[in-house]
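The values are calculated or read from the model by the stated rules, or taken from the named source; none is laboratory data. These figures come from a predicted structure and were not determined experimentally. FYI the Cβ positions are ideal-geometry reconstructions off the backbone, even for glycines, and counts take in every protein chain you see.
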Amino acid sequence: MSCDPTIPFNDLPALPPERELETPRVLKQCIRSRTVLAELEQSANFLPNKSLLINVMPLLEAQASSEIENIVTTKDKLFRSSLLEQAPDPATKEALNYREALREGFQQLRARPLCTTTAERVCSVIKGKPMTVRSFPGTALANAATGEVMYTPPEGEDLLRDKLANWERFINQPTELDPLVVMAVAHYQFEAIHPFADGNGRTGRVLNLLQLVQDGLLSLPILYHSRGIIRRKADYYRNLRAVTFQENWEDWILYALEVVEESARWTNEKIRAIRELRSRLKTDLKAGLPKIYSAELLDVLLGMPYCRIGDLVDAGIAKRQAAAGYLKQLVDVGILTEEKVGREKLFIHNDYLRLLLSENA
């Protein structure tokens, strides 16, 4: 395929590609990636309340996905800002929006399969304003350092919507292709269409996670997917370009599947560490504070590394005065530490915070 990067790629071929996608190398990697995803799903199921992962894993994913776009915040800022009412800085706000977009997209799967409407809604939440398919020309992707145009996506709203309709059919119609191969091919196509003025990369990565759920590979969008991309960020862009300019689908698909495997393996180990921490915490509470121990209290302490008095009240554990007393007892025995932030009292579960902030699984 020959493509001038300065000319809109209106001839972007429709899906599926007219070449063999499931090469022997790809099929072998599919098996490895599917195996680790299955282990991740099983590991999550071993948690008494796996819904707590929806609180923390999407925040890790949000921070990493935003970092890919050079929107830099920290995990600690995200955890704090997700609880505090004070306005976060712009980078943290965008990352929090990513988490909300992932949650909303997950909820929308109950009503409809992945489609252009889903993508528009996800992008709108990420950007914090209504985002629809581009209707204006002049969009080009350039090297940030040199200004050299690297790729110019298709132009014209009708054309973009036609290509998105083809993308929808590809991800939703029955196929003999492995779902992970479909995800990899669909992600390339979405990024090549580049339907929005901004937010395409983050929207595409949310759609990847939603596709894993839609295809039954995960029950919750808990894969820390963007971590693997960050670790091989140059490969991400190089392999996308190799599809556009050389029709090199195999290397792109292998890369995408390898990232899934690496990300699932890391997420799986992190969940195992959370399970071990929960077990230790349960033992410590039963031994040291048996009068306040409950499964609901455990869930609050592991829902986020920070909590407030109101979180115990909202969970129905105790009324406000008693809840404050519970948290004071947890501080006294060293499970939590207390910090005043503005008008709020934050109670920090330091062991959990260190576990989540650590790059080690």
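Read through the list (1) among the β-branched types (V, I, T); (2) crowded, with 20+ Cβ neighbours inside 10 Å; (3) without any contact (Cβ under 8 Å) to a residue 12 or more places away in the chain, then give the number of the only condition that V181 fails.
Going through (1) among the β-branched types (V, I, T); (2) crowded, with 20+ Cβ neighbours inside 10 Å; (3) without any contact (Cβ under 8 Å) to a residue 12 or more places away in the chain one by one, V181 breaks only (3).
Just for the range 231-266: of the residues that are in a helix (DSSP H, G or I) and of a type in the set (S, T, N, Q), which one is farthest from the chain's Cα centre (by Cα)?
Initial filter on the range 231-266 (in a helix (DSSP H, G or I)): 231, 233-246, 249-266.
Filter once more, keeping what is of a type in the set (S, T, N, Q): 239, 244, 246, 263.
Numbers: N239: 21, T244: 25, Q246: 29, S263: 11 Å.
Per the criteria, the residue is Q246.
Conditions first: (1) more than 30 Å from F190 (Cβ to Cβ); (2) buried (at least 19 other Cβ atoms within 10 Å of the Cβ); (3) of a type outside the set (S, T, N, Q); (4) in contact (Cβ under 8 Å) with a residue 40 or more places away in the chain. G288 passes all but one, so which condition is the exception?
G288 satisfies every listed condition except (2).
Each row is one residue, and each column tells you yes or no for (1) touching a residue at least 24 places away in the same chain (Cβ under 8 Å); (2) buried (at least 18 other Cβ atoms within 10 Å of the Cβ).
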| position | (1), (2) |
| --- | --- |
| G128 | yes, no |
| S135 | no, no |
| D158 | no, no |
| K163 | yes, yes |
| I171 | yes, yes |
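Per-residue answers, yes or no, for (1) among the acidic types (D, E); (2) in contact with an Asp or Glu (Cβ under 9 Å, 6 or more places away or on another chain):
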{"site": "N208", "(1), (2)": "no, no"}
{"site": "L218", "(1), (2)": "no, yes"}
{"site": "E250", "(1), (2)": "yes, yes"}
{"site": "I274", "(1), (2)": "no, no"}
{"site": "I292", "(1), (2)": "no, no"}
{"site": "L301", "(1), (2)": "no, no"}
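Please specify each residue of the range 161-199 satisfying the condition of being aliphatic (A, V, I, L, M), farther than 28 Å from F136 by Cβ and either assigned to a loop (DSSP other than H, G, I, E, B) or at pLDDT below 95 (or both).
Our first condition is that a residue be aliphatic (A, V, I, L, M); within the range 161-199, this holds for 164-165, 171, 177, 180-186, 192-193, 197.
Filter once more, keeping what is farther than 28 Å from F136 by Cβ: 177, 180-184.
Listed by number, the list holds a single entry, L177.
Can you tell me which of D311, D351 is at pLDDT 90 or above, within 22 Å of Y224 (Cα to Cα), within 29 Å of the chain's Cα centre (by Cα) and not hydrophobic (A, V, I, L, M, F, W, C)?
Numbers: D311 fails: within 22 Å of Y224 (Cα to Cα).
After applying the criteria, what remains is D351.
Would a scan of the range 138-152 turn up a residue that is surrounded by fewer than 17 Cβ atoms within 10 Å (Cβ to Cβ) and within 20 Å of Q211 (Cβ to Cβ)?
Scanning the range 138-152, I find no residue that is surrounded by fewer than 17 Cβ atoms within 10 Å (Cβ to Cβ) and within 20 Å of Q211 (Cβ to Cβ), so the answer is no.
Being at pLDDT below 85 and either outside any loop (DSSP other than H, G, I, E, B) or not assigned by TED's automatic domain parsing to the domain that holds Y352 (or both) narrows it down to one residue among L96, L102; which is it? Step through it out loud before you land on a result.
Values: L102 fails: at pLDDT below 85.
Selected residue: L96, the only one of L96, L102 that is at pLDDT below 85 and either outside any loop (DSSP other than H, G, I, E, B) or not assigned by TED's automatic domain parsing to the domain that holds Y352 (or both).
Quick check on this structure: which one of V331, V341 is surrounded by fewer than 20 Cβ atoms within 10 Å (Cβ to Cβ) and touching a strand residue (DSSP E or B) at 6+ places or on another chain (Cβ under 6 Å)? Give the derivation first.
Details: V341 fails: touching a strand residue (DSSP E or B) at 6+ places or on another chain (Cβ under 6 Å).
Selected residue: V331, the only one of V331, V341 that is surrounded by fewer than 20 Cβ atoms within 10 Å (Cβ to Cβ) and touching a strand residue (DSSP E or B) at 6+ places or on another chain (Cβ under 6 Å).
Please identify the pairs in which a residue from the range 331-344 that is closer than 14 Å to P305 by Cβ has its Cβ atom under 6 Å from the Cβ atom of a residue that is modelled with pLDDT under 95 and assigned to a loop (DSSP other than H, G, I, E, B), counting only partners at least 6 apart or on another chain.
L336/H349
What's the total number of residues in the range 291-317 that are farther than 25 Å from R354 by Cβ, assigned to a loop (DSSP other than H, G, I, E, B) and without any contact (Cβ under 8 Å) to a residue 12 or more places away in the chain?
Restricting attention to the range 291-317, the residues satisfying the condition of being farther than 25 Å from R354 by Cβ are 291, 313-314, 316.
With assigned to a loop (DSSP other than H, G, I, E, B) added as a condition, the list becomes 291, 316.
Filter once more, keeping what is without any contact (Cβ under 8 Å) to a residue 12 or more places away in the chain: 291.
Going through the range 291-317 one residue at a time, the tally reaches 1.
Can you name the residue in the range 184-233 that is over 20 Å from E120 (Cβ atoms) and free of Cβ contacts under 8 Å to residues at least 60 places away in the same chain and is also surrounded by the most Cβ atoms within 10 Å (Cβ to Cβ) among such residues?
Step by step, filter the range 184-233, then rank; the result is G228.
Report, by residue number, each residue of the range 258-285 that is free of Cβ contacts under 8 Å to residues at least 40 places away in the same chain and among the hydroxyl-bearing types (S, T, Y).
Residues satisfying the conditions are S279, T283.
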